[in-house]
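The structure under discussion appears below in the form of structure tokens.
None of the figures in this text is laboratory data; all of them are computed from the coordinates on show. None of the values given here were measured: they were computed from a predicted structure. With ideal geometry, Cβ positions are generated from the backbone for all residues, glycine too; neighbour counts draw on all protein chains shown.
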Amino acid sequence: MKILLIQNGLITPLDDLEQTIAPPDNGFYWIDATPFDLSVLQPLFGLHHLAVEDCIDEEEQRPKLQIYDDHYFLVVNGITFHNHDIFLREINLFLGSHTIITVTKQEAPEFAQLLALIREKELNRPAELLYQLIDQVVDRYFDVIEDIEDMIEKLEEEILVNTRKSHLEQIIGLRSEILYARKMLLPQRDLIDALHKKELPLIEPYLRKYFGDIVEDAVKVAESFDTFRDLIGNLREAYQASLAGRANDIMRVFTALTTIFMPLTIVTGIYGMNFHNMPELNNPYGYYIVLGSMLAIGVTMYLIFKKKEWL
């Protein structure tokens with residue numbers, strides 16, 4: 001557990017948790033905790049037991065805002081994209097009048113940037129930290145969007161050049177990841193919209209317009225993932241069309257080869273008959289004449305098919 005006293009952008013680490021019960025003369029406390037720390041924090045700050053259960057629960061929580069008597073409980077989802085997989089990181093927050101408690105099950109990369117923003121923006125209220133954190137979370141989605149766009153473009157080029165069975169696995173896997181992320185984006189957009197529109201005593205009125213700016217970004221993110229869903233459908237159609245085209249090319253080649261060898265088979269069939277009265281059988285050059293004729297027929301038919309682009 002990390003305890004920080006933040007006063008106009010100045011960050012002071014603390015060791016005494018009891019000190020955070022009373023409001024500081026200036027600024028607020030940021031407590032960065034894990035689910036294991038909640039057994040201490042819950043009785044100290046009167047955290048609602050349902051919110052604590054959500055933090056401890058192993059099941060993934062959807063983004064939401066719950067309003068209690070003296071504090072709010074929020075769940076937001078950060079995002080990372082690695083090895084073609086989308087990972088959502090649950091960030092739980094308890095917002096009080098002079099404290100903000102963040103509870104995460106794994107390290108949140110947004111926190112490193114947040115420390116720099118505290119100093120740069122000279123933050124002095126817990127709701128200001130909440131705004132900066134959510135802003136960082138949404139900004140990270142745009143980085144992931146760029147990575148997914150690059151991956152889709154690369155996959156499309158590979159499918160057009162040389163379709164492989166592995167491409168279908170990538171398409172199905174990426175579609176599954178996009179639908180999974182999109183399922184969380186809509187409630188997260190609604191959460192930010194609630195922070196923008198609702199009159200919440202623990203959030204200063206001047207911050208509402210700033211949350212409105214994040215709402216616009218959240219809408220853009222949701223629209224991008226809707227577009228990705230359509231693009232994945234186009235990729236699958238391109239994959240199937242490419243496979244059908246390759247199958248047609250193969251069948252065309254086989255058909256042309258069968259057509260070329262058909263007259264040759266007729267010639268060999270005729271001269272394979274065991275009739276005694278076949279003048280060509282007694283010709284000393286008959287074997288070479290037949291082979292030459294078969295070669296000429298085959299080459300002629302090949303050139304005709306090549307000219308017509310059937311081969």
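Some points to look at:
- Over the chain, the Kirkwood radius and the radius of gyration, each from Cα atoms, give a ratio Rg/Rh of 1.42.
- Near Lys64, the amide H atoms lying under 5 Å from its own belong to Val75; only residues 5 or more places off or on other chains count, and H is placed 1.01 Å from N.
- Summed over all non-identical Cα pairs, the Kirkwood treatment of the range 56-146 gives a radius of 14.1 Å.
- Exposed GluC sites (Glu not before Pro) absent - longest run of the chain, DSSP non-H/G/I/E/B, at most 15 other C-beta within 10 Å: 200-308
- Taking 37 °C and 0.692 mPa s as conditions, the range 85-194 diffuses translationally at an estimated 198 µm²/s according to Stokes-Einstein applied to its Kirkwood radius (Cα pairs).
- Under the Debye formula (equal points on every Cα, no solvent term), log10 I(q)/I(0) of the range 169-311 at q = 0.11, 0.15, 0.16, 0.17 Å⁻¹: -0.70, -0.90, -0.95, -0.99
- With Cα atoms, 0 to 90° folded angle of helix 165-197 axis to the chain main axis: 30 degrees
- Fewest-first sequence of Arg140, Arg62 by Cβ atoms within 10 Å of each Cβ: Arg62, Arg140
- The smallest convex shape that holds all Cα atoms of the range 19-81, its convex hull, gives 125 Å³ per residue.
- Sorted by Cβ neighbour density within 10 Å, fewest at the top, the residues Val144, Val76, Val161, Val299: Val161, Val299, Val144, Val76
- Over all Cα atoms in the range 190-241, the spread is summed up by Rg and Dmax: 17.5, 58 Å.
- For the range 245-307, radius of gyration divided by Kirkwood radius, i.e. Rg to Rh on alpha-carbons: 1.14
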